[in-house]
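Peer 1: Got a structure for you, written out below as structure tokens; questions coming shortly.
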Amino acid sequence: MELLQNIEIETAPNPTVAVIWLHGLGADGNDFVPLVNELDLKGLPGIRFVFPHAKTMPVTINGGYVMRAWYDITGAELTRREDEGGLRASQRDVEALIAREKARGIPASRIILAGFSQGCAMTLQTGMRHPEKLAGMLCLSGYLPLATSVASERTEESLDTPIFMAHGTHDNVVPFARARESKDVLVSLGYQVEWHEYMMQHTLCLEEVQDISKWLRKVVA
């Protein structure tokens, strides 16, 4: 399988931790590159941040306009008529990135999947089905896709992967209620979820960045 194009940033030579960060709809891997310098990583081991670019496809909700997307979105309800084929295809792409980090010497237990919006959905789609414990799933302003299949498809190993979920109470793209429902499903399945909510829309805020930094210290220190 051909790997997705991506941007890499290493905080130190020979990193022992990897963060695979998945962007939102219509963006690309450059979107979260500036965040590396905003995170408080002092004292942490070397981290390789990998920012892949999703493939391009026509997106129904945007009038069929071709853009980078992890899967198609047919309407504002997000979980109605989900693009299962697209989700599973992108899951394979993300798994290939995990496999490359393992081949470069970073074990699954030191790999974090992170994502914003569609990237958050892909983090959960992949991380919950991964056959090994990951260092963590960092889930920002998104939701749980294919929720009805998760109970039967999630792996026992993934239950030990800590999850950070954050969402804006005024999000006008992914409704706050949808995110809370996703969190409740995860908790009901036995996942350890650290939940955060902020007075913001579909974006990030300083307090959130600070909370992400604290969580990273807990899972990779």
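Peer 1: Select from region 148-170 the residues that are open to solvent by less than 10 Å² (accessible area, probe 1.4 Å) and in a helix (DSSP H, G or I) and write down the one among them that is farthest from ASP184 (Cα to Cα).
Peer 2: The extreme case among them is SER158.
Peer 1: May I pose another question? Condition first: open to solvent by 50 Å² or more (accessible area, probe 1.4 Å) and free of Cβ contacts under 8 Å to residues at least 60 places away in the same chain. Now tell me which residues in region 1-25 satisfy that.
Peer 2: Selection gives GLU2, GLN5, GLU8, GLU10, THR11, PRO13, ASN14.
Peer 1: Go through region 73-85 residue by residue and tally those that are crowded, with 19+ Cβ neighbours inside 10 Å and over 15 Å from TYR143 (Cα atoms).
Peer 2: 0
Per-residue answers, yes or no, for (1) under 20 Å from PHE49 (Cβ atoms); (2) aromatic (Phe, Trp, Tyr):
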{"position": "LEU138", "(1), (2)": "yes, no"}
{"position": "GLY142", "(1), (2)": "yes, no"}
{"position": "ALA147", "(1), (2)": "no, no"}
{"position": "PHE164", "(1), (2)": "yes, yes"}
{"position": "GLY190", "(1), (2)": "no, no"}
{"position": "VAL220", "(1), (2)": "yes, no"}
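Peer 1: Considering only residues of region 114-147 that are without any contact (Cβ under 8 Å) to a residue 40 or more places away in the chain and in a strand (DSSP E or B), which is surrounded by the fewest Cβ atoms within 10 Å (Cβ to Cβ)?
Peer 2: MET137
Peer 1: Residues of region 180-208 being among the small types (Gly, Ala, Ser) and either in a loop (DSSP other than H, G, I, E, B) or open to solvent by less than 60 Å² (accessible area, probe 1.4 Å) (or both), which ones?
Peer 2: SER182, GLY190
Peer 1: Show the residue pairs meeting these rules: Cβ distance below 7 Å; 6+ apart or different chains; first residue within region 94-106 and more than 21 Å from GLN118 (Cβ to Cβ) and touching a residue at least 40 places away in the same chain (Cβ under 8 Å); second residue open to solvent by 10 Å² or more (accessible area, probe 1.4 Å) and not hydroxyl-bearing (Ser, Thr, Tyr).
Peer 2: Correct list of pairs: ARG100/LEU3.
Peer 1: Considering only residues that are among the polar types (S, T, N, Q) and over 20 Å from the mean Cα position of the chain (by Cα), which ones fall in region 42-75?
Peer 2: Answer for region 42-75, where residues must be among the polar types (S, T, N, Q) and over 20 Å from the mean Cα position of the chain (by Cα): THR60, ASN62, THR74.
Peer 1: For SER117, work out the one condition from (1) over 20 Å from ALA151 (Cα atoms); (2) of a type in the set (S, T, N, Q); (3) in contact with a helix residue (DSSP H, G or I) (Cβ under 6 Å, 6 or more places away or on another chain) it doesn't fulfil.
Peer 2: (3)
Peer 1: Quickly run through region 100-116 and pick out the residues that are over 17 Å from the mean Cα position of the chain (by Cα) and among the charged types (D, E, K, R).
Peer 2: Matches in region 100-116: ARG100, LYS102, ARG104.
Peer 1: So, one more: For region 43-72, name all the residues that are closer than 30 Å to SER213 by Cα and either surrounded by fewer than 22 Cβ atoms within 10 Å (Cβ to Cβ) or charged (D, E, K, R) (or both).
Peer 2: Within region 43-72, GLY43, LEU44, PRO45, GLY46, ARG48, HIS53, LYS55, ARG68 qualify.
The values are calculated or read from the model by the stated rules, or taken from the named source; none is laboratory data. The model shown is predicted, which means the values in this text are computed figures rather than measured ones. FYI the Cβ positions are ideal-geometry reconstructions off the backbone, even for glycines, and counts take in every protein chain you see. Just so you know, the surface numbers come from the protein's heavy atoms only, side chains and all, with ligands and any DNA or RNA stripped out. Shrake-Rupley method; radii C 1.70, N 1.55, O 1.52, S 1.80 Å.
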